[in-house]
Amino acid sequence: MRKKIIAGNWKMNKLPNEAINFIDKLAPLVKDTENEVVLCVPYIDLFYSLLSAQGTNIKIGAQNMHFEENGAYTGEIAPNMLKAIGVEYVIIGHSERRQYFNETDASVNKKVKAAFANDLKPIVCVGETLQEREAGKTEEIITQQIALALEGLMPEQVQNTVIAYEPIWAIGTGKTATSEDANNAIKAIRDKICQIYGQNVSKSVIIQYGGSVKSTNCQELFTMTDIDGGLIGGASLDPEEFAKIVNYDK
Ligand code: 13P
């Protein structure tokens with residue numbers, strides 16, 4: 001059985017004191033879950049969040065990083081910096097980074113490798129635009145994105161990669177993929193991984209769905225055969241709402 005990972009992506013939201021208050025409220029609400037609980041917070045909130053999450057089952061992740069370990073990259077954060085303060089997860093290749101910050105399949109691949117070199121768990125995002133979906137290209141686009149993101153990795157590394165399928169048209173729009181469509185897209189990603197890395201890897205790799213997940217639609221999505229939890233944006237900003245999503249199976 002694959003574990004479910006329910007991860008919040010706060011994007012550019014919450015000051016350090018708000019992060020601390022959030023975790024204080026969330027911790028007792030999710031303490032009994034068997035699902036993995038992750039909060040991916042802005043860089044400035046990481047250290048405060050790590051301290052607040054100590055002694056809880058909440059894991060902390062970053063939302064991006066550079067692929068080099070040091071150097072003249074003004075304004076960037078290195079993977080070993082994240083590791084040094086105790087960060088466990090890092091989102092890589094979110095569609096907002098691809099769209100607004102020139103993230104490419106090539107830089108995503110470098111970052112995934114750098115995450116493993118620094119013992120961080122990458123959450124790798126893929127997803128199609130509305131235009132691509134309407135042109136019937138969803139599977140082609142997402143399987144290509146995933147093949148390029150994971151190129152050159154060892155099978156054990158792929159097995160330890162978390163993948164988030166996030167159709168771009170469903171992010172922040174209130175439009176969710178139907179559970180069947182989301183499951184089919186995730187199955188296509190799993191089949192591609194099977195083709196390249198074999199069945200053992202494809203059966204155990206965790207693939208989440210993201211895009212307008214809320215407490216009212218999460219159960220239907222997360223109980224589909226191939227959907228292993230979710231990457232949650234807007235609905236992860238409220239501790240009660242996020243706790244309901246984490247506890248969808250209670
Ligand atoms: P929303 O849940 O706000 O649609 O955002 C999804 C997302 O981008 C998570 O990474």
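Read the figures in this text as sums done on the coordinates, not as results from a lab. From a predicted model like this one, the values you see are computed outputs, not experimental measurements. Note: ideal-geometry Cβ built from the backbone for every residue, glycine included; neighbour counts use all protein chains shown.
What to note about this one:
- In the structure shown, the pairs 3/203; 25/250; 113/187 are assessed against 22 Å; a Cα-Cα span above that value is assigned to 113/187.
- Cβ-based exposure ranking for 225, 74, 56, 178, in which fewest neighbours within 10 Å come first: 74, 225, 178, 56
- Computed about the Cα centre, the dipole magnitude for the chain is approximately 240 debye when only Lys and Arg (+1) and Asp and Glu (-1) carry charge, each at its Cβ.
- Summed side-chain charge close to residue 226 - residues other than residue 226 whose Cβ falls under 13 Å, Lys, Arg +1, Asp, Glu -1: +2
- Rounded to the nearest 20, the Cβ-based charge dipole of the range 3-135 about its Cα centre (Lys and Arg +1, Asp and Glu -1) stands at 160 debye.
- If you plug the beta carbon distance of residue 84 and residue 214 into 1/(1 + (r/R0)^6) with R0 = 35 Å, you get a FRET efficiency near 0.50.
- For the pair residue 184 and residue 240, label points projected 7 Å from Cα toward Cβ lie 3.8 nm apart.
- Rg(Cα) / (2.2 N^0.38 Å) computed for the range 130-231, rounded to two decimals: 1.04
- Pairwise label distance in nanometres, residue 21 with residue 199, each label 7 Å out on the Cα-Cβ vector: 5.3
- Remark: relative contact order (the chain) = 21 percent; criterion is Cα-Cα distance under 8 angstrom and separation of 6 or more residues.
- Dipole magnitude of the range 118-174 about its Cα centre (Cβ charges: Lys, Arg +1; Asp, Glu -1), debye to nearest 20: 100
- Shown in residue order for the range 176-188 are the 3J(HN,Hα) couplings computed by the Karplus curve 6.51 cos²θ - 1.76 cosθ + 1.60 at θ = phi - 60°: 10, 5, 5, 4, 5, 4, 5, 5, 5, 5, 5, 4, 5 Hz (x for Gly and Pro).
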